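Input: a single structure, listed below in structure tokens.
The values are calculated or read from the model by the stated rules, or taken from the named source; none is laboratory data. Keep in mind that what you see is a predicted model, and the values were worked out from it rather than measured. Neighbour counts run over all protein chains shown; Cβ positions are idealised from the backbone, glycine included.
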2 protein chains.
Amino acid sequence: MSEPLRLGIAGLGTVGTGVVKIVRQKANLLAARAGRRIEITAVSARTRDKDRGVSLKDYAWEDDPVKLATRDDVDVFVELMGGSDGPAKAATEAAIAAGKDVVTANKAMLAHHGQALAEAAEAAGRVIRFEAAVAGGIPVIKALTEGLAGNEITRVMGVMNGTCNYILTRMQSADLTYEQAFAEADGLGYLEADPELDVGGIDAGHKLSLLAAIAFGAQVDFDGVELEGIGAVTIDDIHQAADMGYRIKLLGVAQMTGRGLEQRMSPCLVPDNSPLGQLEGGTNMVVIEGDAVGQIVLRGAGAGEGPTASAVMGDVIDIARGLRLATFGTPAGELAALKPAKGAVPAPYYLRMTLTDKPGALAKVAAVLGEAGISIDRMRQYGHEDTSAPVLIVTHRCQRKALDEALAAISRLDVLEGAPVALRIERV
Amino acid sequence: MSEPLRLGIAGLGTVGTGVVKIVRQKANLLAARAGRRIEITAVSARTRDKDRGVSLKDYAWEDDPVKLATRDDVDVFVELMGGSDGPAKAATEAAIAAGKDVVTANKAMLAHHGQALAEAAEAAGRVIRFEAAVAGGIPVIKALTEGLAGNEITRVMGVMNGTCNYILTRMQSADLTYEQAFAEADGLGYLEADPELDVGGIDAGHKLSLLAAIAFGAQVDFDGVELEGIGAVTIDDIHQAADMGYRIKLLGVAQMTGRGLEQRMSPCLVPDNSPLGQLEGGTNMVVIEGDAVGQIVLRGAGAGEGPTASAVMGDVIDIARGLRLATFGTPAGELAALKPAKGAVPAPYYLRMTLTDKPGALAKVAAVLGEAGISIDRMRQYGHEDTSAPVLIVTHRCQRKALDEALAAISRLDVLEGAPVALRIERV
């Protein structure tokens, strides 16, 4: 058996603690599978004196993660601190410069600095693995980078923020308002310190940009992701969608178009009998479509100690086994800087707007849509007790840009109360 | 860029032709991902003169797959002939002896000779990869062997024969008898030359034995798989199961028990709102449960040119990238010869039997079950036009052995018409 593989772990929150537990409790199983022992030599975290439910006494302690990352007795730097910049990035760069491999769960860091880090790793002959950064325990990075490498990937989709899916499914199942479901998720500790990372789609957008880089051989381009959060989704939207046979999901979609790479993270309507439509609660799902394989659906826990630690360990065992490949599957220098193509792919849309009680309001709305070349597939207008009337419209396929311009024109007509809502209906 | 990786392909049926197409049509994409060109140098098949829709003129031809497997200009022997013994096995052994890596889609060969082949490959420092042998395009071998390697696997389940799932879903959706749905599948060319491989559960059982070997670090033990086909499932069973909120699937289950390794491939009832219950038509699904990751569900096409060729190419690219690991994830010499534990895990069962119109028949049946310690959860008896009456019983959890003994005793009572049917209700 080869020399042990020695880990230095920075960050001892839920995931870091989970990794320590697996390494301690499954030493023999891991050694049998990896062909060598996997050991922890040193750890680092913000607070040393804290009961984490697991003994750290066998490991050296470093206050400074950069020092940890460059220790002579560390082969793999396991970065579980989080944050796109700051200590996580500094320590990762230091680790690579010192000739260490890196395993990280840090989607924000890779979404913002993935290309530079991949180039640095390649120049140093080191690997960066990040299975835990996307969809928790689901081995989706591996499936996309390796298992499906014989395919031209045509589309990647995913529900990759469990908190948002929890909020949306609770709204439907318990008839809660967005605010009530948000408060419930908050009470359960599901939300990030900055909730906008979750409900604004940023966290899921980070993940989508990483999948897109692998799928399309592209440089990570988080700025190219069209982001739209779930804050504007109402319980009425959810009920209306359900009536029409749809569920509303915060869905990420990445696909190549004639105009460039389209990446979207936005609330979408998907058929309620599709795997994505049936996904409840905090579970994640990634759908990969390839020209040879057709559609592959992967489902599992998107967060939590065990699932995320499982993903970290998968990467660690890969390194222990000598499985080494480029960060995004293609050598960093060959990753293309693709043009972002926002709103390139047309789709039908669900529209909700509230009309003021002025004569001819609906006719004016329909006229503007017609002038913009947006045809109406279905429309419902509801009776109203006060002066305003909710109207629901499902359009035929149209460009988002044309739709947004039409909605802006409609807003200027002074026949709406509040802003109109437009949700894409995604073919899944 | 390194030297090209040179393939010798034996077997040019659907899958072999699909592999040739991918290698020809995606040369640059594959080279970018693999870091080297992937080329075909030689091919072999039973018939040379046959229009396969793809040109073979650039490749050397061998009538004898053993000669192909040992050619100097072949690095990887791609075995797509099928058959557990005969030319496939001879050529695979010859390839390993000649220092070639092997990629195969041959579940039967590995189910019967996996341990010996893994030992031979290990001794020769070669790899055998077989992603295409299980669940078509779904990268499940990779997920289990690599992505989830940090887990103690607690259970693996799968619907892995698309033909059986097609038959069962068609029975339900079109209200067909088993015979009608079977004939329909036959007409569509879905059935193997020997249909018992499909409907008898043998093909799916082969696949289950391979997953179990990886999951539990065990020597492949196909003989240890309890096999039960779908031939006894009637349209009435399907309707009754649906009434109770279940679907009937040919489900494989492998799990460690206190008595050894249990491997079952049998028609089971699963909840209709579970991912397995919702699986329609020819699609495959594998469910992997690990102590850290929880439940992972993988879904995709289980057969066909593109999906299976995609899986073959994933393995080929792994080899091109230098990703090498033991055939079943653990070195062959360390794989345990586990005791088979047939019927070890108790479960509730769905029972169907037809009572003759004798006074007290049902009471006698209930008495025998009671004496065997099998308690009844639900029972339905139906009105009848002639002399016999169908009875449906759902038991509480019981051992299969006790149940089989009780059913044998009931059969001896001379109160049944035909044989009783017992289908397991699996917790999924």
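What to note about this one:
- Residues of the range B:288-304 that are part of a strand (DSSP E or B), crowded, with 23+ Cβ neighbours inside 10 Å and more than 7 Å from chain A (Cβ to nearest Cβ): B:288 alone.
- Listed by position, the helices (runs of 4 or more DSSP H) enclosed by the range A:117-228 that each have at least 3 residues that are among the small types (Gly, Ala, Ser) and touching a helix residue (DSSP H, G or I) at 6+ places or on another chain (Cβ under 8 Å) are A:202-216.
- Test result for residue A:281, more than 8 Å from chain B (Cβ to nearest Cβ), modelled with pLDDT under 95, within 19 Å of the chain's Cα centre (by Cα) and outside any helix (DSSP H, G or I): yes
- For the range B:46-67, a residue qualifies if it is more than 29 Å from the chain's Cα centre (by Cα), not in a loop (DSSP other than H, G, I, E, B) and not acidic (Asp, Glu), and the qualifying residues are B:60, B:61, B:67.
- Top-ranked residue of the range A:391-418 - restricted to ones that are without any contact (Cβ under 8 Å) to a residue 12 or more places away in the chain and of a type outside the set (D, E, K, R), ranked as surrounded by the fewest Cβ atoms within 10 Å (Cβ to Cβ): A:408
- The residues of the range A:81-93 that are surrounded by 19 or more Cβ atoms within 10 Å (Cβ to Cβ) and part of a helix (DSSP H, G or I), listed by number, are A:87, A:88, A:89, A:91, A:92.
- Qualifying residue in the range B:93-102 (condition: within 14 Å of chain A (Cβ to nearest Cβ), in contact (Cβ under 8 Å) with a residue 60 or more places away in the chain and within 26 Å of residue B:304 (Cβ to Cβ)): no
- Qualifying residue in the range A:321-335 (condition: buried (at least 20 other Cβ atoms within 10 Å of the Cβ), part of a helix (DSSP H, G or I), on the phi < 0 side of the Ramachandran plot and within 11 Å of another protein chain (Cβ to nearest Cβ)): yes
- Residue within the range B:164-173 that is within 14 Å of chain A (Cβ to nearest Cβ) and in contact with a Lys or Arg (Cβ under 6 Å, 6 or more places away or on another chain) present: no
- Residue check, residue A:152 surrounded by fewer than 24 Cβ atoms within 10 Å (Cβ to Cβ), within 18 Å of residue A:214 (Cβ to Cβ), more than 14 Å from every other protein chain (Cβ to nearest Cβ) and at pLDDT 95 or above: no
- Residue match in the range B:258-271 (condition: modelled with pLDDT of 95 or more and within 14 Å of chain A (Cβ to nearest Cβ)): yes
- Residue A:7 vs. criteria within 14 Å of chain B (Cβ to nearest Cβ) and in contact (Cβ under 8 Å) with a residue 12 or more places away in the chain: yes
- Among the conditions (1) without any contact (Cβ under 8 Å) to a residue 12 or more places away in the chain; (2) in contact with a helix residue (DSSP H, G or I) (Cβ under 7 Å, 6 or more places away or on another chain), residue B:28 misses just one, which is (2).
- Flag for residue B:257 being of a type in the set (S, T, N, Q) and either in the same structural domain as residue B:116 (by TED's automatic domain parsing) or touching a helix residue (DSSP H, G or I) at 6+ places or on another chain (Cβ under 9 Å) (or both): no
- For the range B:220-237, the count of residues that are over 18 Å from residue A:278 (Cα atoms), within 10 Å of another protein chain (Cβ to nearest Cβ) and among the β-branched types (Val, Ile, Thr) is zero.
- Matching entry among B:43, B:78, B:23 (being assigned to a strand (DSSP E or B), within 14 Å of chain A (Cβ to nearest Cβ) and of a type in the set (Val, Ile, Thr)): B:78
- Every listed requirement among (1) under 24 Å from the mean Cα position of the chain (by Cα); (2) closer than 22 Å to residue B:219 by Cα is met by residue B:87 save one, (2).
- Of all the criteria given as (1) over 20 Å from residue A:207 (Cβ atoms); (2) within 14 Å of chain B (Cβ to nearest Cβ); (3) basic (Lys, Arg), the one not satisfied by residue A:352 is (2).
- Residues located in the range B:103-147, provided they are within 14 Å of another protein chain (Cβ to nearest Cβ), of a type in the set (D, E, K, R) and surrounded by fewer than 23 Cβ atoms within 10 Å (Cβ to Cβ): B:122
- Among the residues of the range B:94-113, those identified as more than 25 Å from residue B:37 (Cβ to Cβ), among the small types (Gly, Ala, Ser) and either part of a loop (DSSP other than H, G, I, E, B) or touching a Ser or Thr at 6+ places or on another chain (Cβ under 7 Å) (or both) are B:94, B:108, B:111.
- So residue B:76, is it assigned by TED's automatic domain parsing to the domain that holds residue B:125, closer than 30 Å to residue A:217 by Cα, buried (at least 22 other Cβ atoms within 10 Å of the Cβ) and free of Cβ contacts under 8 Å to residues at least 60 places away in the same chain: no
- Scanning the range A:209-231 for residues that are over 18 Å from residue A:426 (Cα atoms) and aliphatic (A, V, I, L, M) yields a count of 7.
- Residue that is surrounded by the most Cβ atoms within 10 Å (Cβ to Cβ) [pool: residues in the range A:227-263 that are charged (D, E, K, R) and under 23 Å from residue A:283 (Cα atoms)]: A:249
- Of all the criteria given as (1) within 30 Å of residue B:277 (Cα to Cα); (2) buried (at least 20 other Cβ atoms within 10 Å of the Cβ); (3) modelled with pLDDT of 95 or more, the one not satisfied by residue B:353 is (3).
- Any chance residue B:316 is more than 7 Å from chain A (Cβ to nearest Cβ) and buried (at least 23 other Cβ atoms within 10 Å of the Cβ): yes
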